[in-house]
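Q: My structure is below; once you've seen it, I'll send some questions.
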Amino acid sequence: MERRTLFAPSVLGADPLNVSAAVDSLAGGFDWLHLDVMDGHFVPNLSFGPGMAAALRGRYPEAFIDAHLMLDNPDSYLSAFAEAGVSHISTHAEAEPQLLHGRLSRTRKAGLKAGVALAPATPVEWLRHVLSLADVVLVMSVTPGFGGQSFIEETLEKTRDLARLRAVEGYDYLIQMDGGINGENAAQAAAAGCDVLVMGSAVFGSPNPAAYLAEMRTLIQQEARWKC
Ligand code: DX5
Ligand code: ZN
């Protein structure tokens, strides 16, 4: 079955003093806009909050805003990000795991897409009993916390497992990969079953981000062989 790969440039890779200029440089050629939210506890870095999400929503009213919460206490922030107008919230399975089931339900009840993220060392089995509640499963392909790291090859195995489970059990979540994705591994990720590619430094570090995204789409079409 042919699936369309979605591209989600990560604002974390943009010049922090010129975020809107960076997003504008994509010339609308993105599918989702990925916003990394970090609390300095769950990950050793700080980034954006609901104010940034609201500002992006104000400036890009039609955009699918994809908030990736890397927070110790994601439950406490669901409402703030929903009110800020994001389209999708993904939270980590490692954060408040005892609340994960309810968190996914609450996110959906708020009218948003609900995602669950896994750090590289967390097994897919952790999600076994919540997969029917997930619109997106985010497979982190670097240790969460920073842009510009190298892609961890072993995480492709998790993507393959999730794609297999989806096919066998009839789930309909999208698989998203995030971290270290560029022209070297994007087609591999897509071939493993990934539907949404997050790209920070590769896109925003390129001299022409819109052309880079277009190039990635062509690359995927030419090289990816769907297996699910
Ligand atoms: C890392 C973030 C990523 C990051 C990706 O914790 O979740 O979204 O922005 O950036 P690159 O593509 O540079 O690895
Ligand atoms: Zn992210």
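The values are calculated or read from the model by the stated rules, or taken from the named source; none is laboratory data. Bear in mind that the values here come from a model prediction, so they are computed numbers and not experimental data. In this analysis, Cβ positions are derived from the backbone assuming ideal geometry, glycine residues included, and neighbour counts consider all displayed protein chains. Surface accessibility is based on the protein's heavy atoms, side chains included, excluding ligands, DNA and RNA. Shrake-Rupley method; radii C 1.70, N 1.55, O 1.52, S 1.80 Å.
Q: Inspect all residues belonging to region 86-97 and state whether any of them is away from ligand 1 (no atom under 16 Å from the Cβ) and touching a helix residue (DSSP H, G or I) at 6+ places or on another chain (Cβ under 8 Å).
A: Looking for residues that are away from ligand 1 (no atom under 16 Å from the Cβ) and touching a helix residue (DSSP H, G or I) at 6+ places or on another chain (Cβ under 8 Å), one finds at least one in region 86-97, hence yes.
Q: I'm checking my understanding of the structure. Among residues of region 110-152 that are polar (S, T, N, Q) and open to solvent by less than 20 Å² (accessible area, probe 1.4 Å), which one is farthest from ligand 1 (Cβ to nearest atom)?
A: Here the answer is Thr122.
Q: Being assigned to a helix (DSSP H, G or I) and out of contact with any helix residue (DSSP H, G or I) (no Cβ under 9 Å at 6 or more places or on another chain) narrows it down to one residue among Arg160, Arg164; which is it?
A: Arg164
Q: Follow-up. Can you run down the residue pairs with Cβ atoms below 9 Å, 6 or more apart or on separate chains, where the first is in region 150-168 and touching a residue at least 12 places away in the same chain (Cβ under 8 Å) and under 14 Å from Asp195 (Cα atoms) and the partner is in a helix (DSSP H, G or I) and within 16 Å of ligand 1 (Cβ to nearest atom)?
A: Partner pairs satisfying both residue conditions: Leu156/Gln188; Leu156/Ala189; Thr159/Ala189.
Q: Considering region 40-65 alone, what residues qualify as being open to solvent by less than 30 Å² (accessible area, probe 1.4 Å) and within 22 Å of Pro97 (Cβ to Cβ)?
A: Selection gives Val43 alone.
Q: Considering region 17-66 alone, what residues qualify as being out of contact with any strand residue (DSSP E or B) (no Cβ under 9 Å at 6 or more places or on another chain) and among the charged types (D, E, K, R)?
A: Asp24, Arg59, Glu62
Q: Here is a follow-up. Can you give me the number of residues within region 164-193 that are under 21 Å from Gly145 (Cα atoms) and either under 11 Å from the mean Cα position of the chain (by Cα) or open to solvent by 40 Å² or more (accessible area, probe 1.4 Å) (or both)?
A: Counting residues in region 164-193 that are under 21 Å from Gly145 (Cα atoms) and either under 11 Å from the mean Cα position of the chain (by Cα) or open to solvent by 40 Å² or more (accessible area, probe 1.4 Å) (or both) gives 6.
Q: So Leu26 clears everything in (1) open to solvent by 20 Å² or more (accessible area, probe 1.4 Å); (2) more than 15 Å from ligand 2 (Cβ to nearest atom); (3) within 20 Å of Ala202 (Cβ to Cβ) except one condition, right? Which one?
A: Failed condition: (1).
Q: Could you grab the pairs with beta carbons closer than 9 Å, sequence gap of 6+ or different chains, first residue in region 16-42 and within 19 Å of Asp178 (Cβ to Cβ), second one modelled with pLDDT under 95?
A: Asp31/Arg4
Q: Determine whether Gly183 is at positive phi, in a loop (DSSP other than H, G, I, E, B) and modelled with pLDDT of 95 or more.
A: no
Q: Let me ask something else. Restricted to region 194-220, and to residues that are in a helix (DSSP H, G or I) and hydroxyl-bearing (Ser, Thr, Tyr), which residue is least open to solvent (accessible area, probe 1.4 Å)?
A: Looking at the filtered set, the residue picked out is Tyr212.
Q: Another question about this same structure. Got a number for residues in region 43-69 being in contact with a Gly (Cβ under 7 Å, 6 or more places away or on another chain) and either in contact (Cβ under 8 Å) with a residue 40 or more places away in the chain or at positive phi (or both)?
A: Looking only at that region, the number is 3.
Q: Something else: Just need a number here: residues in region 86-102 that are away from ligand 2 (no atom under 16 Å from the Cβ) and surrounded by 19 or more Cβ atoms within 10 Å (Cβ to Cβ).
A: Residues that pass the stated criteria total 1.
Q: Suppose the filter is within 17 Å of the chain's Cα centre (by Cα), touching a residue at least 40 places away in the same chain (Cβ under 8 Å) and within 16 Å of ligand 2 (Cβ to nearest atom); does Ser10 pass it?
A: yes
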